[in-house]
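The structure appears below as structure tokens.
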């Protein structure tokens, strides 16, 4: 059963998985993390010295935060259908995916001048970064799948962003930046 995230922490199994990875971050000019507890715990488990960036926070699901899809469907099937069909819809009173893409786009633009950065955040934010950086249609947001504890590598070449890696497991040869 899927649930809309709230600001919950990581469970002990996930923390143990992170510890077992033995992942060493590549050199970076800066490391940014989302302010949510689970991301802070991830950064600590990965031994990252990081700065919180509010732009990286999880999408605001408003009244749906912490609730299951089944609950929402039973209570507001039209609202859920609208949210699933339209990236500009926010029947939960929070943030639409269009707003998320716009918010994250501001941070992507800042990255043009900062050099190599490591970002630890949520799947929805990674999807928004990809859509914005590649100037992809906003409707493609829902067609990108980002697994937990994976690496996505966006590179700036000239004036254009390129998606180099999506979904590489931490510790794989693909994460050697």
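Could you work out how far helix 12-21 tilts from the main Cα principal axis of the chain, as a 0 to 90 degree angle to the nearest 10?
Approximately 30 degrees, to the nearest ten.
If you wrap a convex hull around the alpha carbons of segment 95-177, what volume per residue comes out, as a whole number of Å³?
Given the Cα convex hull of segment 95-177, per-residue volume reads 91 Å³.
Do you know the relative contact order of the chain, to the nearest whole percent, from alpha carbon pairs under 8 angstrom that are 6+ apart?
Details: 273 pairs, mean separation 37.4, N = 177.
Taking the mean separation of contacting Cα pairs over the length of the chain, I get 21 percent.
Averaging sequence separations of C-alpha pairs under 8 Å and six or more residues apart, then dividing by the length of segment 16-79, give the relative contact order as a whole percent.
Working: 47 pairs, mean separation 19.0, N = 64.
Reported as a whole number, the value is 30 percent.
Helix-derived [θ] at 222 nm for the chain: sum -39500 (n - 2.57) over DSSP H runs of at least 4, divide by residue count, nearest 500?
Counting only the DSSP helices, I get -10000 deg cm²/dmol.
Rounded to the nearest angstrom and ordered from largest down, what semi-axes does the equivalent ellipsoid of segment 1-73 get from its C-alpha gyration tensor (root of 5λ)?
Semi-axis lengths for segment 1-73 are 27, 16, 8 Å.
For segment 1-131, report the % of Cα-Cα distances exceeding 22 Å.
44
Each reported figure results from applying straightforward, stated rules to the coordinates on display, with no laboratory input. Keep in mind it's a predicted model, so treat the numbers as computed, not measured.
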